[in-house]
Amino acid sequence: MSLRLYLLRHGETPYSRSGGFCGALDPDLTPEGEQMAVAFATAYAGIPWQALYVSPMKRTLATLRPLAEKTGLEMQIREGLREIHYGEWEGKTHPEVRDSYTEDYLRWMTEPAWNPPTGGETAVQIANRAMPVVAEIEEKFTDGNVLIVSHKATIRVILCSLLGIDLGRYRDRIEVLAASVSVIKFDRYGPLLEVLGERNYLPESLRERAGT
């Protein structure tokens with residue numbers, strides 16, 4: 001057997017619907033986001049999970065809780081799985097940030113690996129805190145299934161880091177909608193992407209909510 005790492009983005013929040021900068025803010029799931037969490041637990045409870053890892057933020061904990069209750073597994077909370085910190089941009093829309101922080105915004109849009117949101121985090125900094133959690137999982141589990149519940153930017157950065165994609169392109173190469181599941185198999189030749197952004201387990205009414 002091989003280790004399979006499942007990466008689940010949390011369910012819908014008001015910010016994932018609006019597209020505003022949410023990062024370090026801590027909103028609850030919407031009612032539809034709670035339905036996404038239950039749908040995931042229903043669809044994936046039959047997998048023999050080795051461990052469940054999760055960001056400490058409310059939206060990720062609420063997304064994982066139905067599965068944790070079904071399986072009886074403890075939620076392993078890791079600070080490194082938090083979402084990107086957008087600094088002074090938190091709670092603002094893209095047009096507001098573009099108008100008020102034009103130079104920083106253009107630098108971040110062009111090269112986010114090394115250029116942070118004003119007062120926020122770069123993609124490199126996200127990788128530096130998130131990838132040790134992946135390394136911990138690889139060290140503890142040589143086979144079986146492990147779940148990480150995290151956030152849009154953080155999951156994209158983890159996937160780029162594992163697959164050898166330039167961190168500066170994490171927004172351009174990988175899409176991770178709300179409640180989507182991606183799967184990495186750790187094979188003899190290294191990490192292999194088996195599934196990217198799968199949401200077919202959701203009822204059609206929830207899949208239609210893009211959840212950017």
Inset, instruction - Could you figure out which of (1) modelled with pLDDT under 95; (2) out of contact with any strand residue (DSSP E or B) (no Cβ under 7 Å at 6 or more places or on another chain) isn't true of residue 103? - result: (1)
Inset, instruction - Consider residue 29 carefully, then state whether it is touching a residue at least 40 places away in the same chain (Cβ under 8 Å), touching a helix residue (DSSP H, G or I) at 6+ places or on another chain (Cβ under 8 Å) and either buried (at least 23 other Cβ atoms within 10 Å of the Cβ) or under 26 Å from residue 207 (Cβ atoms) (or both). - result: no
Legend entry - Condition met for residue 129 (within 21 Å of residue 161 (Cα to Cα) and either surrounded by fewer than 19 Cβ atoms within 10 Å (Cβ to Cβ) or under 14 Å from the mean Cα position of the chain (by Cα) (or both)): yes
Inset, instruction - Answer yes if at least one residue in segment 99-117 is crowded, with 19+ Cβ neighbours inside 10 Å and within 14 Å of residue 25 (Cβ to Cβ), and no otherwise. - result: yes
Inset, instruction - Please name all residue pairs, on different chains or six or more residues apart, with Cβ atoms under 6 Å, provided the first residue is in segment 128-139 and is closer than 17 Å to residue 190 by Cα and the second residue is polar (S, T, N, Q). - result: 131/161
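Run down 55, 16 and say which single residue is buried (at least 16 other Cβ atoms within 10 Å of the Cβ) and at pLDDT below 95. Steps first, answer last, please.
Values: 55 fails: at pLDDT below 95.
The match here is 16.
Considering each of 146, 195 in turn, give the residue that is in contact (Cβ under 8 Å) with a residue 40 or more places away in the chain and either in contact with a Leu (Cβ under 9 Å, 6 or more places away or on another chain) or not in a helix (DSSP H, G or I) (or both).
Details: 195 fails: in contact (Cβ under 8 Å) with a residue 40 or more places away in the chain.
The match here is 146.
Looking only at segment 81-97, how many residues end up being assigned to a helix (DSSP H, G or I) and either touching a strand residue (DSSP E or B) at 6+ places or on another chain (Cβ under 6 Å) or in contact (Cβ under 8 Å) with a residue 60 or more places away in the chain (or both)?
In the first step, residues of segment 81-97 are kept if they are assigned to a helix (DSSP H, G or I); the result is 81, 87-89, 94-97.
So of that shortlist, the ones also either touching a strand residue (DSSP E or B) at 6+ places or on another chain (Cβ under 6 Å) or in contact (Cβ under 8 Å) with a residue 60 or more places away in the chain (or both) come out as 81, 89, 94, 97.
Final tally of qualifying residues: 4.
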Inset, instruction - Name the residue, out of 29, 8, 52, that is closer than 18 Å to residue 176 by Cα and either outside any loop (DSSP other than H, G, I, E, B) or β-branched (Val, Ile, Thr) (or both). - result: 8
Legend entry - Subset of segment 172-192 [of a type outside the set (D, E, K, R), part of a loop (DSSP other than H, G, I, E, B) and within 27 Å of residue 18 (Cα to Cα)]: 174, 176, 177, 178, 179, 180
Legend entry - Contacts under 7 angstrom Cβ, first residue in segment 36-60 being on the phi < 0 side of the Ramachandran plot, partner in a helix (DSSP H, G or I) and modelled with pLDDT under 95, 6 or more apart: 36/206; 39/206
Legend entry - Total residues in segment 172-185, condition surrounded by fewer than 20 Cβ atoms within 10 Å (Cβ to Cβ), under 16 Å from residue 4 (Cβ atoms) and not charged (D, E, K, R): 1
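The values are calculated or read from the model by the stated rules, or taken from the named source; none is laboratory data. Since the structure is predicted, the reported quantities are computational estimates derived from the model, not experimental observations. A quick note on method: Cβ atoms are made from the backbone with ideal geometry, for glycine too, and the neighbour counts reach across all protein chains shown.
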